[in-house]
1. Can you tell me which of G420, G369, G427, G434 is of a type outside the set (V, I, T), within 19 Å of the chain's Cα centre (by Cα) and surrounded by fewer than 20 Cβ atoms within 10 Å (Cβ to Cβ)?
2. If the requirement is being surrounded by fewer than 23 Cβ atoms within 10 Å (Cβ to Cβ) and modelled with pLDDT of 85 or more, which of these qualifies: P161, P184?
3. Quick check on my filter: what residues within the stretch 360-402 are free of Cβ contacts under 8 Å to residues at least 24 places away in the same chain and polar (S, T, N, Q)?
4. For the stretch 437-473, give me each residue that is under 24 Å from the mean Cα position of the chain (by Cα) and under 23 Å from F189 (Cα atoms).
5. Suppose we keep only residues that are within 29 Å of the chain's Cα centre (by Cα), of a type in the set (S, T, Y) and in a helix (DSSP H, G or I) within the stretch 498-532. Which one would you say is modelled with the highest pLDDT?
6. Taking interchain pairs and intrachain pairs at least six residues apart, which have beta carbon atoms under 8 angstrom, with the first residue in the stretch 537-551 and over 12 Å from L168 (Cα atoms) and the second modelled with pLDDT under 90 and of a type in the set (F, W, Y)?
7. Of these, S563, S570, S552, which one is among the small types (G, A, S) and part of a loop (DSSP other than H, G, I, E, B)?
8. For the subset of the stretch 128-148 comprising residues that are within 24 Å of M70 (Cβ to Cβ) and in contact with a Ser or Thr (Cβ under 8 Å, 6 or more places away or on another chain), which member is modelled with the lowest pLDDT?
Amino acid sequence: MGLTLTPEMILVMALVAFTMIMLVLEWIRADMVALLVVVVIGLTGLIPSDRVFNGFAGNAVIAIIAIMIMGAGLDRAGVLSLTANFVMRMARGMESRLGVVINSVTSLFSAVIPSQALAALMIPVISRLSARTGVPISRLLLPMAFCILTATNTTLIANSPLIILNDLIASANNNLPPGAHTIPKFGLFSVTPIGLALAVLGVMFFYFFTRKLLPDREDDRLKVTPGRTESYFADTYGIVGDTAELTVTAESPLVGMSIGEVEQLREAPLILAIKSGNDSRMAPPVDQVIWVGSVLGVLGPREQLAQFANNQLCRLSPRMRQLGELFNPTRAGISEAVIPPSSRFIKQTIGALRLRKRYGISVLAVHRGDQVLRDDVRSISLRPGDTLVLHSSWRELAQATEDKDLVVVTDIPKEEQRPGKIWHAVGFFLLAKGLALFTNLDLSVAMMTGAIGMLLTGVLNMDEAYKAINWKTIFVTACLIPLGWSMDATGTAAWLAQEVLVYLGHAAPWVLQLALAILTLLFSQVMSNVGATVMMVPIAISVAVATGGNPSAYALIVAVSSSNTFLISSGHPALMMVAGPGGYRGKDFLRVGVPLTLAVLLVTMVMINLMFH
């Protein structure tokens, strides 16, 4: 006798539908949606109230936190700087070899560092390599990001869907029908054969097809380094001119005006710094008032600066006599930063963020898709993937990026690197992996051992560890796990599987697996891969149990397919972060993503069925 649809099942499906719609439309923040869902689950008693917030204490969430901390420790110790030098030596300046080495090294790291964090760490490295070799950055960034996603399935260490898979399996075991065999949990390297096959696929795919799929373009975004800022930013953004000093005289109409009012004047240059009395500062706030004797550090074409100085009765000095120290290239300059999907700046205007007053940062332009926005920058509302052109001191820029609301893609001088701690970082990282592999400790305990080791030995301090954690990811993961539990506990997954079998009950097992994989990868394009995994794994296990298939294979097909997100830039945070710096358009993702999606789907199906044959 078949299952009957109950009010609890209807409520669970309504919550699933609400979650999907909100994650796609982004009317409400993803972490707020997840919190709302978990509270509704608790209020309605879909699962026992003492289990509602168990997701926060789950192995998956604690392991993800520890891995984020260790990734930041490896970066702070300079591991990625050494990586850049290693890639340069291996590539020897040859473009074909450079791509293979970058993609291979990135694939290696993606087995142990979460994909979004790895993308943020690698973008400046790729920028440096592009500048040194002359290879267009657009030829390197997209393959790098795609290889992160193809190789992230190599272990259960860095991929959130694979990390939460065991928690979902444990929940499914509690609700299996009488007589059914318990589904075994996956070990740390259970998925390695599949991950290695996909990693090799990614590297070889771009070795053979990069030039065909990512051809040269006139607007290729060539190099992003401080040494090439003038030509690069002029060519890319139309930001041209020289820096100069304007001294405000007693007769000048600028006296008593605010910086914001001056910038609204016709043909006004960009005001990057000010000195009033003995006080000098970069990026003066718009409400700062200009007085007699104030010295303005400005940027603009020489003729425009001369005309403005003449009209406003100011003295123009092309040499930076009083503000020279502020504009020293080793201390300040122009850079690019991407707005990541987790940024708190999203949907806020640049003016409302008060970046000048809070951080001493001037926003010169915004690059979005094919557009460069330079007019009335303060009124621009920011979106994920926007690239901001900034002028600031390197120290203040580093402080501004500590909260992960901006990811700097320019290779700028970095402070607070701790190269003396590199062996501590690598040692505790390897210790964590060894504990996970060779002992019976839970993944969370093994990973946290490495994280606490880095903290105790000074690779990171506690404040830096807190900042390394992407709390939005943590909340979304921890709050969506109970949604998967409720699908099992209420029988919703079994009922949905029953309905699927009405239409596909007589189909071959590989047809059922293919349908589940395609559904998962489509869901993952428009919502988080964690959300897609939480929703689809219980259904996949129920389908496998009902048809006599291997539940482990069906669950793994879903978890791996959730990273098969290559079709649109918003399909994964790592892709959104490279879209701006690489100057990629929607058709670039489709041109590269469609054949790669099909190839990954085929290899996933073949490898999993060979493993579980």
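1. Working: G420 fails: within 19 Å of the chain's Cα centre (by Cα); G427 fails: within 19 Å of the chain's Cα centre (by Cα); G434 fails: within 19 Å of the chain's Cα centre (by Cα).
The match here is G369.
2. Working: P161 fails: surrounded by fewer than 23 Cβ atoms within 10 Å (Cβ to Cβ).
That would be P184, the only listed residue that is surrounded by fewer than 23 Cβ atoms within 10 Å (Cβ to Cβ) and modelled with pLDDT of 85 or more.
3. Once the filter is applied, which keeps residues that are free of Cβ contacts under 8 Å to residues at least 24 places away in the same chain and polar (S, T, N, Q), the stretch 360-402 yields only Q371.
4. Across the stretch 437-473, the qualifying residues are L443, S444, M447, M448, G450, A451.
5. Taking the stretch 498-532 first, the residues within 29 Å of the chain's Cα centre (by Cα) are 514-532.
Checking the rest, the ones that are also of a type in the set (S, T, Y) come to 520, 524, 528.
Then drop every residue that is not in a helix (DSSP H, G or I), which leaves 520, 524.
On the way: T520: 89, S524: 84.
Checked the stretch 498-532; the qualifying residue modelled with the highest pLDDT is T520.
6. Within 8 Å, the pairs are N550/F612.
7. Numbers: S570 fails: part of a loop (DSSP other than H, G, I, E, B); S552 fails: part of a loop (DSSP other than H, G, I, E, B).
Going through S563, S570, S552 in turn, just one is among the small types (G, A, S) and part of a loop (DSSP other than H, G, I, E, B): S563.
8. The extreme case among them is R128.
The values are calculated or read from the model by the stated rules, or taken from the named source; none is laboratory data. All values reported here derive from a predicted model rather than from experimental measurement. With ideal geometry, Cβ positions are generated from the backbone for all residues, glycine too; neighbour counts draw on all protein chains shown.
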